[in-house]
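Coordinate-derived values only; no laboratory data. What you see is a predicted model; the values in this text were computed from it and never measured. Cβ placement follows ideal geometry from the backbone for every residue including glycine, while neighbour counts extend to all protein chains displayed.
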């Protein structure tokens, strides 16, 4: 096979970037832009490697019955944010569930006990956090040394594989308050001739804006990343934001600016509060919790699915056999602002949270206080360093029955997995946002005497190529 060659393929899978995946008659894997699962297509190869090829669909010979009949979003051909939006939602779920299963089987080498994926009833307008790039095309200098923006303010998302900002007036993943705040910012920047940051010359002000909306309370925070100490005529901007957010049904509670050195509250509070309801589905009353969220906090972006995700975690905690110990001692690693640990605290004798980000630890301890939870404590540091210290000091945490990890996309550090195994913690509940790194870490734990009992995918990110998974892993019992 060579570049420029055309091949016919049946597409049976999809990459996280939205490329259809098929195999040639010789068995070579081909990633095809513009093709979807269920398509039979003619693909022109643009790059050929030893084990795979990359191409683009030049003709759809037979369209998948799961192709959406209409364009889902007017920005679909330009913005790279929703690579799965060409597929009907039921097929998106099937593809993601199969991705989790195949990664576990192929990478971890284990028989994958994957449960049915947990989807959404209405898979749009679900994001409680919008991170939008700001661009005015840089600066141009007119006669007299007057600097002006190259073009009108554009606020939105990068076009796929570029740094060109697609000016997005209505993203179907975002709630209305985020779009309203972006529109108010455009108006302010245009009226006051505010420029975006141009990294080529290290000039200009606005880099990006982040809008957080607490679905449980309606509170809204707007955060601006800037190149400078402040925003000129900021009071006018805050007024525009307040009116726009109110018209969209929210309540502007916080406006924050960040530069490379510090985070400053420009107006209102430094945090917003969200209300979360977690149900086990066993007839008990839902567990109601409030969480304070600051500008730099990690918080799940899908409120509805977050509640379902944490319900799965609670289910897995209940499945852990702690023998005669009664309520388990739980380590909550990569704990962020404490959401997972606090959601299961009523099932534990104690929750010990560990997080490397100092501000997040402050938020976690405050959230424990807000909710009247006295059996959860949070410490700043690296878990792979703290757990051995606790072992040496014979602290209660070393008797942990369960460790919950919720790492970034890169997965757990191997030193942490080594530490968990050396501490002989019998149960691991792994919350993953990447099936490949989950499978890699399951394999490492398997080599250290653990086995995968169950994995439940949760679709936190409809219309994108990402999926969250909760896995229950247990130490194998010796004969």
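Kindly list the residues of region 95-121 that lie in the label zone of residue 51, defined by a backbone N under 17 Å from the point 7 Å along the Cα-to-C-beta vector.
Taking a point 7 Å out along Cα→Cβ of residue 51, the residues of region 95-121 whose backbone N falls under 17 Å are 102-110.
When 1/r is averaged over all different Cα pairs and the result inverted, which Kirkwood radius in Å belongs to region 6-67?
Evaluated on region 6-67, it is 11.0 Å.
As a footprinting exposure proxy, order 313, 29 by other Cβ within 10 Å, with the fewest listed first.
Neighbour counts put them in this order, fewest first: 29, 313.
Need one word for region 90-167: rounded, prolate or oblate. Basis is the Cα gyration tensor (sqrt eigenvalues a ≥ b ≥ c); a/c below 1.5 gives rounded, then a/b vs b/c decides.
Since a/c reaches 1.5 and a/b is larger than b/c, the shape of region 90-167 is classed as prolate.
Extension gain residue 70-residue 374, at 0.36 nm per residue separation less the Cα-Cα distance, in nm?
Taking residue 70 through residue 374 to full extension adds about 104.2 nm, to one decimal.
Enter the mean projected area of the convex hull around the alpha-carbon atoms of the chain, in nm², rounded to one decimal.
26.8
Along Cα→Cβ, 7 Å out, is where each label goes; now give me the distance between the ones at residue 1 and residue 269 in nm to one decimal.
Placing both labels 7 Å along Cα→Cβ, they lie 5.5 nm apart.
If the convex hull of the alpha-carbon atoms of region 129-269 is projected onto planes in all directions, what is the mean projected area in square nanometres?
Here the figure is 8.8 nm², rounded to one decimal.
Determine, from the Cβ-Cβ distance of residue 143 and residue 243 and an R0 of 45 Å, the FRET efficiency 1/(1 + (r/R0)^6), rounded to the nearest 0.05.
According to the calculation, E is roughly 0.75.
What are the extents of the Cα atoms of region 2-147 along their three principal axes, in Å, largest first?
Computed over region 2-147, the largest-to-smallest principal extents equal 68, 42, 35 Å.
Take peptides 218-231, 198-211, 331-344 and line them up by average Cβ neighbours within 10 Å, highest first, as a rough protection proxy.
331-344, 218-231, 198-211
How many nm separate the modelled label positions at residue 110 and residue 203, each set 7 Å beyond the Cα in the direction of the Cβ?
With each label point 7 Å from Cα toward Cβ, the separation is 5.7 nm.
Using packing as a proxy for protection, rank 445-455, 129-139 so that the peptide with the highest average count of other Cβ atoms within 10 Å comes first.
Descending packing order for the listed peptides: 129-139, 445-455.
Compute the Rg/Rh shape ratio of region 305-464: radius of gyration over Kirkwood radius, all on alpha-carbon atoms.
Rg/Rh for region 305-464 comes to 0.93.
Taking the Cα-to-Cβ direction at residue 59 and at residue 150 and moving 7 Å from each Cα, how far apart do the two end points lie in nm?
Simple spin-label model gives 4.0 nm for this pair.
Please compute the length gained on full extension between residue 10 and residue 418, using 0.36 nm multiplied by the number of residues separating them and subtracting their Cα-Cα distance.
142.6 nm
Take the alpha carbon atoms of region 240-275, find their center, do the same for region 421-471, and report the distance between the two centers in whole angstrom.
35
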